[in-house]
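What follows is a single structure, written as structure tokens, with notes after it.
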Amino acid sequence: MTDPASPDCDPALPTRLLLSAIVGLGASAVITQLVLLRELLGAFAGNELVVGVALGSWLLLTGAGAWLGGCLRRERFSLRFLSAGLLGIALLPLGQLLAVRGLRDVVFLRGATVDPTGILLGTLALQLPFCLISGALLALASARSADPAERAPGLARVYVADTLGGIAGGALFTFVLVPRYDHFALLAFPAALHLLLVGALAWRARAWFLLGIAGAVTLGLGALLMRVDVDARSTGWQHAGRQIVHRVNSPYARLVVTRDAGQLTFFENGAPMFSTPQREAVEETVHYALSQRPAARRVLLLSGGLTGAAREILRYPQVERVVVVELDPALLSAGRQLLPDEFADARIAALATDGRRFVQTTAERFDVVIVAVPDPATLQLNRYFTAEFFSEAKRCLAPGGVLAFGLGRYANYVSPELAQLLATAHRTVRDSFAEVRLIPGGRVYFLASDAPLTLDIATQLEASGIVTRYVNRHYLAATLAPDRLADLDRALAQPAARNADFAPTLCHYHLRHWLSQFTLPGGIAGGVGLLLLAVYLGRMRTAARVVFAAGFAASTLELVLLLAFQALYGSLYRQVGLVVTVFMAGLAVGAIVGNRQSGNGRALTLNALALAALAAALPIVLPHLGSLDIALGTSVSGQGVLLALTFALAGLVGAQFPLAGASAGATAAQLFTADLVGAALGALLVGAWLLPLFGVGLVCALTAGLNLVAAILVWRSSPRA
């Protein structure tokens, strides 16, 4: 038996200090996760699979850490133990950031796309140390702060403290830190907080050696950040051989601009967006659309304003106004600084707002709308290729106006995956427009209108007196060759689904098209993973199964609500940040309320049933929020309903922790592990696969069914009077 007086067993560990440390841990975890997600998106490709793998592996590894924490003896959780863990948490994020920037091109071939296996292994290796330590600290803190006769209060206190830290960290990151600091300076804030906590804990434990280490690390880290611009140096590793002329953080992305042989290249979160000059792509983007309506007076350009497209549009003499919409104000600011000529003409109006929201709310009518956003690699980008968006775009077009957008890459061959992508987009846009034409240029360009369209673009340009360098008669003769057009016709002839806001099939097909370039390993690894999951669920206690189902619901339904919010009201970071903040607040309130329940199993059963009912109701409620806004004449009503649903979901999920802990049968470590594994499964499967492939309805039905089964299991295992 451990001697209570020994240094390794400190029964006087103050609850207030312990919970303060957990608040700091929660804040640090959220900030670190957001920073690493932005870095990983740039390192590995920036599609929905990378997002799912990054978030899912983070949750899974944190769950593994909680399990490891449960394997340790509670008595070993002393002030020294906690201080050492927090010291690691303070320094690890800075090392992880250096690793993702410095080792990406060492481990993987520079410039080459990393395959899914490399993405998974690289993400797991990068996130492993931080997640294991933070998960273990959560589990040990819950066990240490609990009354031996009643586990729920300790679990609830730690859960609430961690959630409050998450709220603070998310708010600081979004509204305070990221607009002002680079990623290294940003991570120094939670590092300083943890070092301060380590100092306080070491002083309390009279651990002078540890106190000295904390002081030395604090001084060394401060001196390093003051004397060396670590962000600039590590950014130089990523862009070796190029001159970095601009770098800035915004709530949307980390923006870097490089110059190489006179060419400017803009990188968002490490991934290239576009280069200037990019004459061929600009001419295709502009002239395929404007040649259809050479007398256009008003043109809307969604993204692409910095490439030179806006100035190219103004070559048409009748154009009076070009509205350029970019989501990120930092991108427009960089453009005005580095490319002042792009916005010098008074006829160009550049707006920093969500393009989808602008189309929904503008009273202007345009002769041509050009959508120059990237392919639908994520659910956020998919919003510009849905039936709802095409209907909204048609509303802001003048009679006979033209909508134009590009999709995919044509390389003299239409693969089955690309064919499915094109057929789905064609099927969707045909719901809104009578006439649709495709042009197999660098991208496959879609032209849509209710008035006639022509592929005799060369004649139209010559008649308008527009002289082009690339998109001329010879270029177009090769581009519109009969065999190339026949390729597209064969692709469009196959059956195709309709891409919608709540059934984003195009995102799934784009992911399949991206995956088709790799030779993927067989299904053995997947089969082993499913077997391990089945064994884990089979050995899980009933209370942990309920928390697993709630964690899955939190991950999947929050994604559904965010998707609905962005589709209806745009992806402006302050509004989306409000949804996330409301969710985190709901978790904390739910845990506090759940802690007051009797814990006899009845409340746990009812809570699981309520989660199932909420999941089943979302596919019915969400599609009608737009109609509610129209009926009431304000978007506040629909946004209020979404925030209320978000709070209700989070409250039910948060209540499961203390209810499950009080109902007996599972330790704090088991419950934390179950929650994080459930959330990880949701993040890995839903965003990249289930939601794009099957839509909101089936995802919500699956979530409802899982929580219904959990409720039945609790009801059957509860003692009857």
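The values are calculated or read from the model by the stated rules, or taken from the named source; none is laboratory data. Quick caveat, the model's predicted, so the values are computed rather than measured. Quick reminder, even Gly has a Cβ in these numbers, built from the backbone with ideal geometry, and neighbours come from all protein chains shown.
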Selection within region 191-215 - among the hydrophobic types (A, V, I, L, M, F, W, C), surrounded by fewer than 18 Cβ atoms within 10 Å (Cβ to Cβ) and over 23 Å from residue 93 (Cα atoms): 203, 208, 209
Counting only residues in region 663-687 that are surrounded by 24 or more Cβ atoms within 10 Å (Cβ to Cβ) and either over 24 Å from residue 65 (Cβ atoms) or among the polar types (S, T, N, Q) (or both), the one farthest from the chain's Cα centre (by Cα) is identified as 663
For residues in region 555-578 being within 18 Å of residue 628 (Cα to Cα) and small (Gly, Ala, Ser), which is surrounded by the most Cβ atoms within 10 Å (Cβ to Cβ)? 567
The one condition in (1) closer than 19 Å to residue 179 by Cβ; (2) without any contact (Cβ under 8 Å) to a residue 24 or more places away in the chain that residue 333 fails to fulfil: (2)
Out of region 166-207, which residues are in contact with a strand residue (DSSP E or B) (Cβ under 8 Å, 6 or more places away or on another chain) and in a helix (DSSP H, G or I)? 183, 186
Any chance region 217-232 includes a residue that's more than 36 Å from the chain's Cα centre (by Cα) and in contact (Cβ under 8 Å) with a residue 60 or more places away in the chain? no
Check residue 451 against each of (1) part of a helix (DSSP H, G or I); (2) within 25 Å of residue 317 (Cβ to Cβ) and name the one condition it does not meet. (1)
For residue 319, indicate whether it is part of a strand (DSSP E or B) and either outside the structural domain of residue 407 (by TED's automatic domain parsing) or on the phi < 0 side of the Ramachandran plot (or both). no
